[in-house]
Amino acid sequence: MKNHLRDAVETMKEHYIQRLIHSGVVQSTDEALQTLTLTQLEALVKRLDQPRP
């Protein structure tokens, strides 16, 4: 069970990292992204989805 949960978290982290890269917010060579938690990545992506004034 632990491996399935870890795999799911890693998959979601990769998904959020790819969204940040494709949006142009970060570069694909930014190794610091890998150190962020799933919650931190999710918060960054949510900021992208918010309308800007």
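The values are calculated or read from the model by the stated rules, or taken from the named source; none is laboratory data. As the structure is a prediction and not an experimental result, all values here were calculated from the model. We place every Cβ from the backbone using ideal geometry, glycine too, and count neighbours over all the protein chains shown. Just the protein is used for accessible areas: all its heavy atoms, side chains included, with ligands, DNA and RNA removed. Shrake-Rupley method; radii C 1.70, N 1.55, O 1.52, S 1.80 Å.
Would you calculate the separation in nanometres between label points at HIS4 and THR35, each defined as 7 Å from the Cα along the Cα-to-beta-carbon direction?
A separation of 3.3 nm, rounded to one decimal place.
Once the Cα atoms of helix 2-23 and of the chain are each reduced to a long axis, what angle between those two axes, in degrees from 0 to 90 to the nearest 10, is obtained?
The angle comes out near 20 degrees.
Leaving out ligands and nucleic acids, note down the accessible area per residue over the chain with a 1.4 angstrom probe, in whole Å². It would help to have the intermediate numbers written out before the result.
Working: 4510 Å² over 53 residues.
Value for the chain: 85 Å² per residue.
Calculate what fraction, in whole %, of the accessible area of the chain sits on carbon and sulfur atoms when a 1.4 Å probe is rolled over the protein chains.
Reported share for carbon and sulfur atoms: 54 percent.
³J(HN,Hα) across the range 36-41 via Karplus (A = 6.51, B = -1.76, C = 1.60, θ = phi - 60°), whole Hz, x for Gly/Pro?
6, 7, 4, 5, 5, 5
Return P(r) of the chain (all Cα-Cα pairs; 5 Å bins starting at 0; whole %; ordered from short to long distances).
Each 5 Å bin holds this share of Cα pairs: 4, 20, 28, 22, 13, 8, 3, 1, 0.
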